[in-house]
Amino acid sequence: MRSLRFAQCASRSAASAPRPQLRRGIVSVKAVAKTVDKPAWLAQLKGARADVEALIRTTHANPILVRLAWHDSGSYDENVKEAWPKQGGATASIRFGPEIGHAANAGLQAALDLIEPIKQKHPLVSYSDLYQMASAVAVELAGGPHIPLRYGRLDAESPEDCTPDGRLPAAGHPFGDGSKSPADHLRKVFNRMGLNDKDIVALSGAHTLGRVRPERSGWGKEETKYTREGPNFLGGKPGGQSWTVDWLTFNNDYFTEIKAKRDEELVVLPTDAAVFEDEGFRPYAEKYAADQDAFFKEYVESHLKLSELGVKFADGTPVTLE
Ligand code: HEM
């Protein structure tokens with residue numbers, strides 16, 4: 001039986017750290033690595049997926065779970081030269097105090113709380129896999145495309161591995177990086193992650209789900225006719241301003257609504273407007289407004305890239321659940 005090794009990252013370089021030879025189930029004193037029974041891990045991974053599906057079907061927390069995974073991944077900076085996990089990315093460092101407290105992550109503690117019981121039930125599955133799994137399943141259950149995610153991510157293990165504040169994009173002026181326009185800012189932020197114009201526009205389409213809340217981000221209206229009532233979950237509540245009328249359905253309405261500019265009740269952030277205003281972005285936005293299948297296909301490609309930014313896979317992985 002093959003075993004899967006999950007290196008536990010300490011604040012020093014995991015790549016250069018010595019890897020002791022361990023018998024299955026024995027964790028070294030230095031906690032550099034432990035071995036995990038692969039069939040047991042796979043069984044828990046499948047169980048976790050079933051539990052994530054049940055969670056989403058009962059809570060309708062699709063939007064906040066998509067946002068959680070994106071804010072974990074979106075901290076990735078390919079210019080950082082320190083060893084993993086200092087570049088950030090889908091390492092679950094967002095679960096630690098300093099990072100979940102960043103202003104950009106306001107409200108996301110509720111999403112961490114939703115996932116925690118599933119982690120407790122399936123302890124062999126990493127937090128980072130669970131966050132990414134929940135996002136992919138949330139998109140799919142909302143009517144979006146199937147995202148064939150790969151699993152086996154290692155978790156950042158310490159608050160010292162949290163990324164610095166300020167890596168996620170701002171929705172409008174003032175931009176902390178001195179950008180003159182929303183499009184410049186989006187390119188600065190996403191190019192730093194190794195993502196391109198197509199990725200920026202396709203991923204922005206995830207705003208087909210969810211709402212902007214003034215008490216969290218400072219953007220949007222307190223409520224609209226589309227958000228006054230509607231499904232809630234645990235700490236969730238009605239209100240906020242959505243990008244689309246059916247904000248729990250994943251489709252290409254984000255693009256058709258921004259293009260049509262027909263409904264004052266729907267939000268368009270400065271960075272959303274840029275997908276049609278910027279010359280480099282516009283061809284993608286036009287394509288996705290006209291052709292939902294093209295949007296879904298290219299969204300999946302970009303989502304998969306996002307889900308693996310900064311990821312270190314355990315020995316013997318990645319695997320898919322296809
Ligand atoms: C392009 C740059 C982006 C900016 C400036 C941005 C900004 C924002 C802001 C301000 C909110 C409202 C937060 C609140 O008030 O609670 C939000 C929500 C959201 N964002 Fe983004 N975002 C961006 C990209 C993305 C990407 C790449 C994804 C996913 C792939 C995403 C998924 C979401 C979702 C699903 C929500 C709704 C969350 C909820 O309803 O709880 N966003 N975003």
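Points worth noting:
- In a reduced charge model with +1 at each Lys and Arg Cβ and -1 at each Asp and Glu Cβ, the chain shows a dipole moment near 1300 debye about its Cα centre.
- Across the range 249-260, computed HN-Hα scalar couplings (Karplus, 6.51 cos²θ - 1.76 cosθ + 1.60, θ = phi - 60°) run 10, 8, 8, 9, 4, 3, 6, 5, 5, 4, 5, 6 Hz from first to last residue, x flagging Gly and Pro.
- Ordering 245, 137 by accessible surface, largest first, gives 245, 137; the 1.4 Å probe counts only protein heavy atoms, with every chain in place.
- Accessible surface, the range 182-305, averaged per residue in Å² (probe 1.4 Å): 44 Å²
- The amide H of residue 315, built 1.01 Å from its N in the peptide plane, has 5, 7 as neighbours under 5 Å, considering only residues 5 or more places off or on other chains.
- Contour excess over end-to-end distance, with Cα ends at residue 222 and residue 160 and 0.36 nm allotted per residue: 18.7 nm
- In this structure, the amide hydrogen of residue 223, modeled 1.01 Å from its nitrogen in the peptide plane, lies closer than 5 angstrom to those of 240, counting only residues at least 5 positions away or on a different chain.
- Non-local lysine pairs in the range 182-305, meaning eight or more places apart or on different chains, with alpha-carbon distances under 23 Å, amount to 19.
- Cross-link reach list, lysines versus residue 38, counting only Cα pairs under 19 Å and skipping chain neighbours closer than eight places: 46, 119, 121, 312
- For the range 42-53, putting each phi into the Karplus relation 6.51 cos²θ - 1.76 cosθ + 1.60 with θ = phi - 60° gives couplings of 4, 5, 5, 4, 5, x, 5, 4, 4, 5, 5, 4 Hz, in residue order, rounded to whole numbers and with x for Gly and Pro.
- Taking the helices alone, the chain has a mean residue ellipticity at 222 nm of -12000 deg cm²/dmol, built from -39,500 (n - 2.57) per DSSP H run of at least 4 residues and averaged over all its residues.
- Listed residue (270, 290, 179) projecting farthest to the positive dipole end of the chain, Cβ model: 179
- Residue-by-residue Karplus 3J(HN,Hα) for the range 75-85, coefficients 6.51, -1.76, 1.60, Hz, glycine and proline x: 7, 5, 10, 5, 7, 6, 9, 5, 5, 3, x
- Looking at the range 35-102, the GluC sites (Glu not before Pro) that sit in a DSSP loop and have at most 10 other Cβ atoms within 10 Å of their own Cβ are 82.
- Residue 322-residue 198 FRET efficiency (beta carbon distance; Förster radius 22 Å; 0.05 resolution): 0.35
- Relative contact order of the range 131-197, defined on C-alpha pairs under 8 angstrom at six or more residues apart (%): 17 percent
- The range 182-305 shape via C-alpha gyration tensor axes, a/c threshold 1.5: prolate
- Normalising the Debye intensity of the chain to I(0), with uniform scatterers on Cα atoms only, and taking log10 at q = 0.07, 0.08 Å⁻¹ returns -0.27, -0.36.
- Per atom type, the chain shows carbon and sulfur on 52% of its accessible surface, probed at 1.4 Å.
The values are calculated or read from the model by the stated rules, or taken from the named source; none is laboratory data. Values in this document were obtained by computation on a predicted structure and should not be read as measured data. With ideal geometry, Cβ positions are generated from the backbone for all residues, glycine too; neighbour counts draw on all protein chains shown. These area figures cover heavy atoms from the full protein model, side chains too; ligands, DNA and RNA do not enter into them. Shrake-Rupley method; radii C 1.70, N 1.55, O 1.52, S 1.80 Å.
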